[in-house]
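Where a number appears in this text, it was derived from the coordinates with a stated rule and is not lab data. Not measured: the values here are computed from a predicted model. Don't worry about glycine lacking a Cβ; one is built from the backbone with ideal geometry, like all the others, and counts go over all protein chains shown.
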Amino acid sequence: MTCTFDQFRQAAAGQGRASPRRRAALDWMESQSRVIGLWLDQLIAEGDNDELVSMLHRQQAWLDMMQARLAETGHSPGVRLAR
């Protein structure tokens, strides 16, 4: 029983392992950031519209920031994952 209580206490404090849903969200954010990176490389190489490149770059930076926030503490009070 003590082990279970300790695990609960760690999870409540944000010190436990990431939940499967949180891990899935982190994985999704990483994959989306990589896809955007591939598109950015292609668009920049083709000399595409600067506005589109800028928008995609901002989106990639936002995904990277959110991924870092979720990963650094295991939770973020300002981020709620939808069910």
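Details
- In nm, spacing of pseudo-spin labels at Arg21 and Val35 (7 Å Cα→C-beta vector): 2.2
- Potential extension, Met55-Leu43 segment - 0.36 nm per residue separation minus Cα distance: 3.1 nm
- Sequence-ordered 3J(HN,Hα) estimates for region 38-50 from the Karplus curve with 6.51, -1.76 and 1.60 and θ = phi - 60° stand at 4, 5, 4, 4, 5, 5, 5, 4, 8, x, 5, 3, 4 Hz, glycine and proline given as x.
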